[in-house]
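The values are calculated or read from the model by the stated rules, or taken from the named source; none is laboratory data. Note that this is a predicted model, so its numbers are computed, not measured. Note: ideal-geometry Cβ built from the backbone for every residue, glycine included; neighbour counts use all protein chains shown. Accessible surface areas use protein heavy atoms only, side chains included; no ligands, DNA or RNA. Shrake-Rupley method; radii C 1.70, N 1.55, O 1.52, S 1.80 Å.
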Amino acid sequence: MAEKVLMKGNEALAESAIRAGCRCFFGYPITPQTEVAAYMAKRMPQIGGTYLQAESEVAAINMVYGATSTGTRAMTSSSSPGISLKAEGISYLAGSDLPAVIINICRGGPGLGGIQPAQSDYNQATKGLAHGDFHILVLAPNCIQEMCDLVSDAFDLADTYRMPAMILGDGMLGQMMEPVALPEPHESKIEKPWAACGTEMKRPHNVINSLYIKPDELERIVMDRYARYRHIEENEVRYEEFMTEDADIVIVAYGASSRIARNAIMAARAEGIKVGMFRPITLWPFPKKALDRVADTARAFLTVELSMGQMIDDVKLAINCRRPVYLANRTGGMVITPNEILAKIREIKGETL
Amino acid sequence: MKKITIFAGHYGSGKTNLAVNAAIALKRRHGSVILCDMDIVNPYFRTKDSEDILKEARVRLISPRFANSNVDLPYLPAEVAAIFNGENISVIDVGGDDSGAIALGQYASRIENAGYDMFLVLNARRYLTLEPDEAVAILHEIEAASSLRFTGLINNTNLGHESTAEIVTQARGYVESVARATGLPLVATSFREDLSPALTAQDGAAWPITIYEKPGWALY
């Protein structure tokens, strides 16, 4: 393994993307993700890649559409309001079966909101990103090493399933620094026979398109796509469990809030309250079956979110509401503390245990 | 002791934490110490995070009015002029790289007249300055952007929570290379204070420092 170096989350995302073969990056500055673009601006020309600061987020996502149509690994990044602007383009990527990696370093919203960290784009990322029947893969790292690793995986998954993949981070992860072992540069072996990269007069033209004149044809295409989504839901789910075996209360948290929750778990255990954690790493596909298994032994669930409570609905669905599900949260860019989570744990203990 | 001490260097090399440590240490010897936050690049981690600690140490903090709020306004307050006044001794925390140093450049002639030290903060384990050449390139970029000259080097090599005494000593050759290439002296080797017993025999003055974490961000 390479010697560890100190990196900021946003830089680690950018460098890992380059090492995973990303050769086109189209960006637009917005706090707290600007370092991704700044890093790419410096590095892409050095390795023969393309960095372009677009005139807007809308332009950037459509540049990604063009680049990825040729089979080139392409990425864009933004933070919450910028992702909303990219929404139309992401729907077009999904409708054209194009791979791409999109990074969202989430900040407080709605509207212009603020620049401090948040997780209030969960519903947007996993359910309502844009118009039409489609999903994108959503991966949620909780440390900078995992940011490095998941960027590589996001490119591979996007290419394998021909669909956009999002890294959903937050301002904390984007801005903080941690030691990481960067992945070695690696070449993808995934074939892209669909790419519009020149026929050399040896094959028919490849067409990249999301417009279908006949509704029955569109219906068939969408249904085929959903068959692929079902395959992904069966095979690509990722999660991590922490002290769930004997836990009466299981915290469900992803990203930075899962790290804060871990402190609360240790404090609760010191008081004799058996608490564990289930951390979804893929937010879509959501680890429904695994979480439902945890509900066989857990007596109550607590989601910890930097939002008004968005993932909580997926938790209730996954366990068919057979256990009470509580929420500990802050929003608007405020970061929850371990003590706030611990207070909620004590309250749950009083009510249900 | 010069009237103004400036910490500059690569983004994430540890300038802010050193500046806070330096200001608190200077306050023990001087009547009036100012810590001036000139970092208008970094939105989250800045001297403002240490506001309470500085207040307790009676160090006057000058920072952009909206620092750590929900808006991103890259401007410096008029109050910065205080660093040139009276009996004040000042520490300036500069934003990373040349983009951070541009803000410093507007005061270059006044800083020069007042008398200053400008230290390049080095971290041999910080990506993009892993090679001495890369650190030297950033040094030249910062000098060009700020219209000021560095007067010394500080070896602040660290790996965050995974720092060890060995990581600090391993950087000795790296720092020597930068010193040779620039003709600048190594003025201090800084390290987390609990590493002190192993590191007091370091080249350059040993400088044990306190790590001031962002309050409320309790990440394991």
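Report, by residue number, each residue of the stretch B:11-67 that is of a type in the set (D, E, K, R) and within 14 Å of another protein chain (Cβ to nearest Cβ). Spell out the reasoning first.
Of all residues in the stretch B:11-67, those of a type in the set (D, E, K, R) come to B:15, B:27-29, B:37, B:39, B:46, B:48-49, B:51-52, B:55-56, B:58, B:60, B:65.
Residues satisfying the conditions are B:Lys15, B:Asp39, B:Arg46, B:Lys48, B:Asp49.
Could you list, in sequence order, all residues of the stretch A:305-336 that are in a strand (DSSP E or B) and over 17 Å from the mean Cα position of the chain (by Cα)?
Initial filter on the stretch A:305-336 (in a strand (DSSP E or B)): A:305, A:325-329.
The answer is A:Val325, A:Tyr326, A:Leu327, A:Ala328, A:Asn329.
Listed conditions (1) open to solvent by less than 30 Å² (accessible area, probe 1.4 Å); (2) part of a helix (DSSP H, G or I); (3) within 16 Å of A:Ser79 (Cα to Cα); (4) not β-branched (Val, Ile, Thr) are all met by A:Asn123, apart from (1).
Within the stretch A:29-50, restricting attention to residues that are part of a loop (DSSP other than H, G, I, E, B) and crowded, with 24+ Cβ neighbours inside 10 Å, the residue that is nearest to the chain's Cα centre (by Cα) is A:Gln33.
Residue-by-condition table, conditions (1) without any contact (Cβ under 8 Å) to a residue 60 or more places away in the chain; (2) crowded, with 23+ Cβ neighbours inside 10 Å; (3) assigned to a helix (DSSP H, G or I); (4) hydroxyl-bearing (Ser, Thr, Tyr):
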{"residue": "B:Leu120", "(1), (2), (3), (4)": "no, yes, no, no"}
{"residue": "B:Ala145", "(1), (2), (3), (4)": "yes, no, yes, no"}
{"residue": "B:Phe150", "(1), (2), (3), (4)": "no, no, no, no"}
{"residue": "B:Asn158", "(1), (2), (3), (4)": "no, yes, no, no"}
{"residue": "B:Gly173", "(1), (2), (3), (4)": "yes, no, yes, no"}
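Which residue out of B:Ser69, B:Ser63, B:Ser109, B:Ser50 is more than 16 Å from the chain's Cα centre (by Cα) and modelled with pLDDT of 90 or more? Please lay out each step first, then the result.
On the way: B:Ser69 fails: modelled with pLDDT of 90 or more; B:Ser63 fails: more than 16 Å from the chain's Cα centre (by Cα); B:Ser50 fails: more than 16 Å from the chain's Cα centre (by Cα).
Selected residue: B:Ser109, the only one of B:Ser69, B:Ser63, B:Ser109, B:Ser50 that is more than 16 Å from the chain's Cα centre (by Cα) and modelled with pLDDT of 90 or more.
The residue list A:Ala165, A:Ala158 contains one member that is touching a helix residue (DSSP H, G or I) at 6+ places or on another chain (Cβ under 9 Å), closer than 19 Å to A:Ser84 by Cβ, more than 11 Å from chain B (Cβ to nearest Cβ) and small (Gly, Ala, Ser), which is A:Ala165. I'd like to know if the stretch A:324-333 contains one or more residues that are open to solvent by 50 Å² or more (accessible area, probe 1.4 Å) and farther than 18 Å from A:Ile260 by Cα. Yes, the stretch A:324-333 has at least one match.
This table checks each residue for (1) more than 14 Å from every other protein chain (Cβ to nearest Cβ); (2) part of a helix (DSSP H, G or I); (3) in contact with a strand residue (DSSP E or B) (Cβ under 6 Å, 6 or more places away or on another chain); (4) more than 30 Å from A:Ile345 (Cβ to Cβ).
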site: A:Glu187; (1), (2), (3), (4): yes, no, no, yes
site: A:Ile190; (1), (2), (3), (4): yes, no, no, yes
site: A:Gly198; (1), (2), (3), (4): yes, no, no, yes
site: A:Pro204; (1), (2), (3), (4): yes, no, no, yes
site: A:Asp216; (1), (2), (3), (4): yes, yes, no, yes
site: A:Met223; (1), (2), (3), (4): yes, yes, no, yes
site: A:Tyr229; (1), (2), (3), (4): yes, yes, no, yes
site: A:Ile232; (1), (2), (3), (4): yes, yes, no, yes
site: A:Arg262; (1), (2), (3), (4): no, yes, no, no
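Note on the stretch A:136-158: residues that are in contact with a Pro (Cβ under 8 Å, 6 or more places away or on another chain) and under 15 Å from A:Ile90 (Cα atoms) amount to 3. Within the stretch A:52-61, the residues that satisfy the criterion of being without any contact (Cβ under 8 Å) to a residue 40 or more places away in the chain and buried (at least 19 other Cβ atoms within 10 Å of the Cβ) are A:Glu57, A:Ala60.
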